[in-house]
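The structure appears right after this line, and notes come after that.
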Amino acid sequence: MEKVLEKEAYGLAAKDESGVLSLFCFSRRETGEKDVRFKVLFCGICHTDLSMAKNEWGFTTYPLVPGHEIVGVVTEVGAKVTKFNTGDKVGVGYMSGSCRSCENCSDGVENYCPKMILTSGAKDFDDTMTYGGYSDHMVCAEDFVIRIPENLPLDGAAPLLCAGVTVYSPMKYYGLNKSGMHIGVVGLGGLGHVGVKFAKAMGSKVTVISTSERKRDEAINRLGADAFLVSRNSKQMEDAMGTMDGIIDTVSATHPLLPLLGLLKNKGKFVMVGAPAEPLELPVLPLIFGRKMVTGSMVGGIKETQEMVDFAGKHNITADIELISADYINTAMERLAKADVQYRFVIDVANTLKPNP
Ligand code: NAP
Ligand code: ZN
């Protein structure tokens, strides 16, 4: 299929493995009959953007325009679009397409479709590259567009499109969403802090497991966690052994699993959503002795993403953000690499990203 590229676009792109982002001009396709075109207002900075910009996983194609926590306002809809109108507040997350016919797509988990198209840095069905939301506007098939609830501020809502659904989906799928459960959240970054908020809204007792004391006060007093453990403090970890029904691990780097598995009750579930580039060591004895489960999860399907955003609207859940201007991007990336953000950077795209800086 030949695609007509005719609308000029601009954004921020990494051009090599240094990961440094700079202005990049490109084209986006014309609005197809089932497409929604929207002006990007805000875009969250996920740790995945950093890992991709630096080619940490080895499959980055440059130039890479990152960004998959995108919100904006619809400027044009194709002739056959039924769900959206101009002026609607919408978002796009980690994926912008899938085969729509495999078992995964039929089950509403397009995120596991082998032909799923990433919103950024992937080959689209017409062989062009996808460019993400660090850009002035987006074009996306309406079936992959999410409606943002009216009551949510758009800047704080942007990170829900990836961070939000990535923690919400496994809590639901693995049955860790039942009121009264004790849930551990490892790593208090972008994913972790919304994980605390969703788990609290589901009625859980929530314990944050972090690398230092630094975030204790905020975790408890601002984010509403019930308890806080420092993973490097063996006394604190030992005292909490065998108490948790489930753990969502959001850590982006290699770290020991043994102390974390010890926190689970028998039959407890450990869900890895963080994506360290190197393998983790898996101790099997705690699994054998306690029928514990170690598993993983990747974002969520479109129906589930809409459900998560609606749940967030009902419970007033948004991310705690540091709103930045586009010219701060490389400093933000350096700070993100050091876990120095409370708790998600969001780019004020519409007000600060200019084609001629
Ligand atoms: P982030 O904001 O950087 O948060 C990661 C947190 O992990 C940090 O805040 C820090 O928390 C902890 N951490 C960092 N280095 C650590 C180390 N060496 N040892 C132990 N803990 C460490 O990142 P994010 O955007 O939340 O993303 C987290 C991970 O999830 C990334 O790997 C990202 O690629 C991945 N991800 C996966 C999916 C999916 O679908 N599965 C979706 C989005 C992102 P403390 O300061 O509290 O220790
Ligand atoms: Zn992400």
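The values are calculated or read from the model by the stated rules, or taken from the named source; none is laboratory data. Nothing here was measured: the structure is a model prediction, and the numbers come from that model. Here the Cβ is made from the backbone with ideal geometry for all residues, glycine too, and neighbour counts use every protein chain on show.
Observations
Yes or no, residue by residue, for (1) touching a strand residue (DSSP E or B) at 6+ places or on another chain (Cβ under 8 Å); (2) within 16 Å of ligand 1 (Cβ to nearest atom); (3) under 15 Å from Gly132 (Cβ atoms); (4) modelled with pLDDT under 95:
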{"site": "Gly78", "(1), (2), (3), (4)": "yes, no, no, no"}
{"site": "Asp88", "(1), (2), (3), (4)": "yes, no, no, no"}
{"site": "Val92", "(1), (2), (3), (4)": "yes, yes, yes, no"}
{"site": "Ser96", "(1), (2), (3), (4)": "yes, yes, yes, no"}
{"site": "Ser106", "(1), (2), (3), (4)": "no, no, no, no"}
{"site": "Glu110", "(1), (2), (3), (4)": "yes, yes, no, no"}
{"site": "Cys113", "(1), (2), (3), (4)": "no, yes, no, no"}
{"site": "Leu118", "(1), (2), (3), (4)": "yes, yes, yes, no"}
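- A single entry from Ala339, Ala275, Ala332, Ala319 fulfils the requirement of being within 16 Å of ligand 2 (Cβ to nearest atom), within 27 Å of Ser204 (Cα to Cα) and over 14 Å from the mean Cα position of the chain (by Cα): Ala339.
- Boolean, Ala141 is within 13 Å of ligand 1 (Cβ to nearest atom), among the small types (Gly, Ala, Ser), farther than 24 Å from Asn266 by Cβ and not assigned by TED's automatic domain parsing to the domain that holds Glu238: no
- Just one of the numbered conditions (1) surrounded by 14 or more Cβ atoms within 10 Å (Cβ to Cβ); (2) outside the structural domain of Ser204 (by TED's automatic domain parsing) is not true of Pro276: (2).
- Take the conditions (1) assigned to a loop (DSSP other than H, G, I, E, B); (2) touching a residue at least 40 places away in the same chain (Cβ under 8 Å); (3) touching a Leu at 6+ places or on another chain (Cβ under 6 Å); Gly246 misses just one of them, which is (1).
- Residue within the range 249-261 that is among the small types (Gly, Ala, Ser), part of a helix (DSSP H, G or I) and at pLDDT 95 or above present: no
- Considering residues of the range 278-300 that are within 14 Å of ligand 1 (Cβ to nearest atom) and assigned to a loop (DSSP other than H, G, I, E, B) only, the residue nearest to Gly58 (Cα to Cα): Glu278
- Residues in the range 63-105 that are within 20 Å of Gly301 (Cβ to Cβ) and part of a strand (DSSP E or B): Ile70, Val71, Val90, Gly91, Val92, Met95, Ser96, Gly97.
- Scanning the range 323-339 for residues that are out of contact with any Leu (no Cβ under 8 Å at 6 or more places or on another chain) and either farther than 18 Å from Gly195 by Cα or not assigned by TED's automatic domain parsing to the domain that holds Asp136 (or both) yields Leu323, Ile324, Ser325, Asp327, Tyr328, Thr331, Ala332, Glu334, Arg335, Lys338.
- Test: residue in the range 159-172 that is away from ligand 2 (no atom under 16 Å from the Cβ), at negative phi and outside the structural domain of Phe26 (by TED's automatic domain parsing): yes
- Boolean, Leu50 is within 16 Å of ligand 2 (Cβ to nearest atom) and either hydroxyl-bearing (Ser, Thr, Tyr) or touching a residue at least 12 places away in the same chain (Cβ under 8 Å) (or both): yes
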